1. Any lysines with Cα under 27 Å of the K93 Cα? List them, leaving off those in the same chain fewer than 8 positions away.
2. If you stretched the chain out fully between E37 and I116, how much longer would it get, using 0.36 nm times the residue separation minus the C-alpha to C-alpha distance?
3. Could you give the accessible area per residue of the range 30-106, probe 1.4 Å, as a whole number in Å²?
4. Pop out the Kirkwood hydrodynamic radius of the range 75-191 from its pairwise C-alpha distances, inverse of mean 1/r, in Å to one decimal.
5. Could you please state, rounded to a whole Å, how far the C-alpha centre of the range 150-188 is from the C-alpha centre of the range 93-130?
6. What aspartates and glutamates could a cross-link reach from K3, if we take a straight Cα to Cα line under 16 Å and drop same-chain neighbours fewer than 8 places away?
7. Work out how much length T174 to E30 would gain on full extension: take 0.36 nm times their residue separation and subtract the Cα-Cα distance, in nm to one decimal.
8. Among all stretches of the chain without exposed trypsin sites (Lys or Arg not before Pro) (DSSP loop, at most 15 other Cβ atoms within 10 Å), which one is longest?
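The values are calculated or read from the model by the stated rules, or taken from the named source; none is laboratory data. These numbers were taken from a predicted model, which means no experiment stands behind them. Here the Cβ positions follow ideal geometry from the backbone for every residue, glycine too, while neighbour counts run over all protein chains shown. The area values use the complete protein model at the heavy-atom level, side chains included, leaving out ligands, DNA and RNA. Shrake-Rupley method; radii C 1.70, N 1.55, O 1.52, S 1.80 Å.
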Amino acid sequence: MTKVYFVRHAQSDWRSGSDRDRGLTAAGMEDRSVVLEFLRDKPVSAFYCSPYRRSLDTIREAAEHFGLPIRIDERLREREAAPGGNCRELFRKRWADFDWHEPGGESLRSVQSRNIAALTDILTAERDKTVVVGSHGTALSTILNQYDPGFDCGCFLRIIDWMPFVVELDFDGTRFLSKTECVHVEKIFEQ
């Protein structure tokens, strides 16, 4: 069995940097310790991550603890958002139609397709191992929706303030077996 611990990043500082370069708030930097403490006794053999700084910063401490490099996969990045695209009305519209996107934005189907392609490659490369994947709220939610179609907009909004959030997905090869929500820190999602 392959265990994949997806780690949604800690609270990011929405006021600084581009989406790709945005770091964590001071509270987010402190909350990284929750991820390390959760993973500390797990037999982790690999770390993969979105190229976005907030995701890298969230799992870096844990990767250093295990003495493992973080493998960057561009496909694990967050949804390309258009300016002003993070309001709850637009969240609902995207979840109602996975192919819809605002001008300059990316559809949830596109996010899901590239994230699932990356995950499939990870499952093939890391079969029967324990892996950590640094992720994002929307990207992770589309992955969860792939394996549990009942994971919908309401579920996405339930976890929107969970930063960081760790969820375990178990696989036999590439066949999904189960999902377990492990640990999270409640923070305000800033837009």
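1. Of all the lysines, those that pass the test against K93 - Cα under 27 Å, at least 8 places apart if same chain - are K179, K187.
2. So the chain would gain 25.7 nm between E37 and I116.
3. Per-residue accessible area for the range 30-106 comes out at 50 Å².
4. So the Kirkwood estimate lands at 14.9 Å.
5. With the range 150-188 and the range 93-130 each reduced to a Cα centre, they are spaced 15 Å.
6. Here the aspartates and glutamates satisfying the reach criterion relative to K3 are D41, D121, E126, D128, E168, D170, D172, E181.
7. 48.4 nm
8. After excluding every exposed loop site, the longest remaining stretch is 41-126.
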